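S.K.: Have a look at this one.
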Amino acid sequence: MNGLLVRALRLSLGGTAVLGGIDASFARGRVAAVLGPNGAGKSSLLACLASLRAPDSGTIMLDGQALAAIDPRDRARRIGLLPQTADVHWDVDVATLVALGRYPRRGRWGESDEDRAAVARAMAATDVTRFADRRVETLSGGERGRVLLARVLAGEPEWLLADEPLASLDPAHQLDVLDRLRAVAGEGAGVVVVLHDLNQAARVADDVVLMRGGRIVAAGAPETVLTPALIAQTYGVEAHVGHTPEGQRYVIPVRRT
Ligand SMILES: Nc1ncnc2c1ncn2[C@@H]1O[C@H](COP(=O)(O)OP(=O)(O)OP(=O)(O)O)[C@@H](O)[C@H]1O
């Protein structure tokens with residue numbers, strides 16, 4: 001079966017159950033937002049989906065094939081991960097770092113015109129072209145975050161897993177990145193994005209997965225999942241949910257329950 005399918009996934013770290021039996025499915029051409037309080041297990045789930053962590057038990061199937069059995073280079077071509085931290089402990093310029101994201105797709109003869117075009121597109125989409133010659137460590141936190149997103153986009157993965165890609169971004173660049181995620185899904189890739197901002201999730205997601213304590217509380221369309229009752233159950237906050245005149249759902253946390 002096509003898609004990224006997770007069944008009975010369990011993961012313990014340092015003796016603590018971090019994922020307590022996750023069942024979820026993600027589809028190409030859709031944006032899924034994974035939400036939940038700090039420590040819910042969102043990043044751990046993404047790390048398992050990216051094969052960075054091996055679960056204790058359970059299965060992850062990618063288009064009918066066990067993820068763990070896929071050749072690492074093929075996996076790197078198919079799955080791109082934007083990790084949570086925007087740290088780059090490496091003296092490298094922006095263009096070089098972004099081009100590295102293309103590496104899994106490069107043929108044996110080195111960089112092609114198509115590779116260069118994909119890198120240029122990724123840099124334009126994240127508004128970092130003008131930083132091409134800058135050392136990455138001289139960028140601001142938000143600029144660096146955009147460069148790291150460009151690196152993943154340059155690889156044009158079939159699956160884009162992004163862990164809090166809006167962290168440190170100003171509102172204009174947040175909208176750019178959300179539009180980009182939608183465009184990537186529109187081009188046929190599957191997008192799984194961890195977010196903290198419920199409004200941005202409502203804006204971008206086809207599907208929302210709410211997590212708490214290493215388990216899934218609810219999953220489904222934003223209208224069915226981003227409700228005051230489920231938000232209270234997941235985050236322990238009372239929220240006001242409404243719609244803008246344009247019909248966009250908004251969620252304002254009002255107080256702790
Ligand atoms: N190496 C480790 N040893 C012990 N516990 C760990 C380890 N790594 C993560 N954890 C714990 O696993 C739980 C899930 O962490 P994870 O990073 O997946 O949460 P998250 O939902 O992404 O949180 P946040 O919103 O804060 O980024 C947390 O309680 C965390 O403290």
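The values are calculated or read from the model by the stated rules, or taken from the named source; none is laboratory data. The structure displayed is predicted, hence computed values, not measured ones. Here Cβ is always computed from backbone atoms with ideal geometry, including for glycine, and neighbour counts include all displayed protein chains.
S.K.: State which residue is nearest to ARG182 (Cα to Cα) when the search covers only region 16-41 and only residues that are assigned to a strand (DSSP E or B) and within 7 Å of the ligand (Cβ to nearest atom).
M.R.: As a first pass, look at region 16-41 and keep what is assigned to a strand (DSSP E or B): 16-26, 31-35.
Now narrow it down to the ones that are within 7 Å of the ligand (Cβ to nearest atom): 16, 18.
Numbers: THR16: 35, VAL18: 29 Å.
It comes out as VAL18.
S.K.: Sort out for me the strands (runs of 3 or more DSSP E) sitting completely within region 189-247 that have 2 or more residues that are more than 18 Å from LEU45 (Cβ to Cβ) and either of a type in the set (Gly, Ala, Ser) or within 14 Å of the ligand (Cβ to nearest atom) (or both). First the steps, then the outcome.
M.R.: Numbers: elements: 190-194, 207-212, 215-220, 237-243.
Counting at least 2 such residues, we get 237-243.
S.K.: Any residue at all in region 64-86 that's in contact with a Pro (Cβ under 8 Å, 6 or more places away or on another chain) and within 16 Å of the ligand (Cβ to nearest atom)? Walk me through how you get there before you give the answer.
M.R.: Taking region 64-86 and keeping what is in contact with a Pro (Cβ under 8 Å, 6 or more places away or on another chain), we get 73, 76-80, 82.
Going one step further and asking which of them are within 16 Å of the ligand (Cβ to nearest atom), we end up with 82.
The answer is yes; a qualifying residue exists.
S.K.: One residue is enough: does region 2-23 have a residue meeting the conditions closer than 28 Å to ARG135 by Cα and either surrounded by 20 or more Cβ atoms within 10 Å (Cβ to Cβ) or within 20 Å of the chain's Cα centre (by Cα) (or both)?
M.R.: Narrowing region 2-23 to residues closer than 28 Å to ARG135 by Cα: none.
Within region 2-23, not a single residue is closer than 28 Å to ARG135 by Cα and either surrounded by 20 or more Cβ atoms within 10 Å (Cβ to Cβ) or within 20 Å of the chain's Cα centre (by Cα) (or both).
S.K.: Which ones in region 168-188 are away from the ligand (no atom under 16 Å from the Cβ) and at positive phi?
M.R.: GLY188
S.K.: Same structure, new question: Would you call VAL152 modelled with pLDDT of 95 or more, β-branched (Val, Ile, Thr) and more than 16 Å from the ligand (Cβ to nearest atom)?
M.R.: yes
S.K.: Tell me, please, whether a residue that is more than 15 Å from LEU153 (Cβ to Cβ) and over 18 Å from the mean Cα position of the chain (by Cα) can be found in region 35-51.
M.R.: Step one: filter region 35-51 for residues more than 15 Å from LEU153 (Cβ to Cβ), giving 35-51.
Applying the additional criterion that residues be over 18 Å from the mean Cα position of the chain (by Cα) yields none.
The answer is no, given that none of the residues of region 35-51 is more than 15 Å from LEU153 (Cβ to Cβ) and over 18 Å from the mean Cα position of the chain (by Cα).
S.K.: Can you pull out every residue in region 56-77 that is within 17 Å of LEU100 (Cβ to Cβ) and either in contact with a Phe, Trp or Tyr (Cβ under 9 Å, 6 or more places away or on another chain) or in contact (Cβ under 8 Å) with a residue 60 or more places away in the chain (or both)? Steps first, please.
M.R.: Taking region 56-77 first, the residues within 17 Å of LEU100 (Cβ to Cβ) are 72-73, 75-77.
If the condition is that a residue be within 17 Å of LEU100 (Cβ to Cβ) and either in contact with a Phe, Trp or Tyr (Cβ under 9 Å, 6 or more places away or on another chain) or in contact (Cβ under 8 Å) with a residue 60 or more places away in the chain (or both), then ALA76, ARG77 are the ones that fit.
S.K.: Now, a different point. I'm trying to understand the selection: among the residues of region 72-96, which are surrounded by 13 or more Cβ atoms within 10 Å (Cβ to Cβ) and farther than 22 Å from GLU111 by Cα?
M.R.: LEU82, PRO83, GLN84, ALA86, VAL88
S.K.: Scanning region 97-135 for residues that are of a type in the set (Asp, Glu) and more than 25 Å from the chain's Cα centre (by Cα), which turns out surrounded by the most Cβ atoms within 10 Å (Cβ to Cβ)? Full working, then the answer.
M.R.: Narrowing region 97-135 to residues of a type in the set (Asp, Glu): 111, 113-115, 127, 133.
Still in the running and more than 25 Å from the chain's Cα centre (by Cα): 111, 113, 133.
Numbers: GLU111: 13, ASP113: 7, ASP133: 9.
The residue in question is GLU111.
S.K.: Going by the structure shown, is ALA76 assigned to a helix (DSSP H, G or I), within 22 Å of the chain's Cα centre (by Cα) and under 20 Å from THR126 (Cα atoms)? Even if it seems obvious, please write down each step before you answer.
M.R.: Values: assigned to a helix (DSSP H, G or I): yes; within 22 Å of the chain's Cα centre (by Cα): yes; under 20 Å from THR126 (Cα atoms): no.
Against the criterion (assigned to a helix (DSSP H, G or I), within 22 Å of the chain's Cα centre (by Cα) and under 20 Å from THR126 (Cα atoms)), ALA76 does not qualify.
S.K.: Further, regarding this structure: Pick from region 114-170 the residues that are touching a His at 6+ places or on another chain (Cβ under 7 Å) and not in a helix (DSSP H, G or I): which of them is nearest to MET61 (Cα to Cα)? If you could, list the steps in order and put the result at the bottom.
M.R.: Kept after step one, since they are touching a His at 6+ places or on another chain (Cβ under 7 Å), are these residues of region 114-170: 127, 142, 146, 164.
Then keep just the ones that are not in a helix (DSSP H, G or I); that gives 127, 164.
On the way: ASP127: 34, GLU164: 24 Å.
Of everything passing the filter in region 114-170, GLU164 is nearest to MET61 (Cα to Cα).
Residue-wise test of (1) on the phi < 0 side of the Ramachandran plot; (2) outside any loop (DSSP other than H, G, I, E, B); (3) polar (S, T, N, Q); (4) within 16 Å of the ligand (Cβ to nearest atom).
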position: ASN2; (1), (2), (3), (4): yes, no, yes, no
position: LEU11; (1), (2), (3), (4): yes, yes, no, yes
position: SER51; (1), (2), (3), (4): no, no, yes, yes
position: PRO55; (1), (2), (3), (4): yes, no, no, yes
position: VAL88; (1), (2), (3), (4): yes, no, no, no
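S.K.: Only one of VAL237, VAL184, VAL241 is buried (at least 21 other Cβ atoms within 10 Å of the Cβ) and either of a type outside the set (Asp, Glu) or at pLDDT 95 or above (or both). Can you tell me which? Walk me through it before giving the result.
M.R.: Details: VAL237 fails: buried (at least 21 other Cβ atoms within 10 Å of the Cβ); VAL241 fails: buried (at least 21 other Cβ atoms within 10 Å of the Cβ).
After ruling out the rest, the residue left standing is VAL184.
S.K.: Are any of the residues in region 103-121 under 17 Å from PHE26 (Cβ atoms), more than 16 Å from the ligand (Cβ to nearest atom) and of a type in the set (A, V, I, L, M, F, W, C)? Lay out the reasoning, then the answer.
M.R.: Restricting attention to region 103-121, the residues satisfying the condition of being under 17 Å from PHE26 (Cβ atoms) are none.
No, there is no match, as no residue in region 103-121 is under 17 Å from PHE26 (Cβ atoms), more than 16 Å from the ligand (Cβ to nearest atom) and of a type in the set (A, V, I, L, M, F, W, C).
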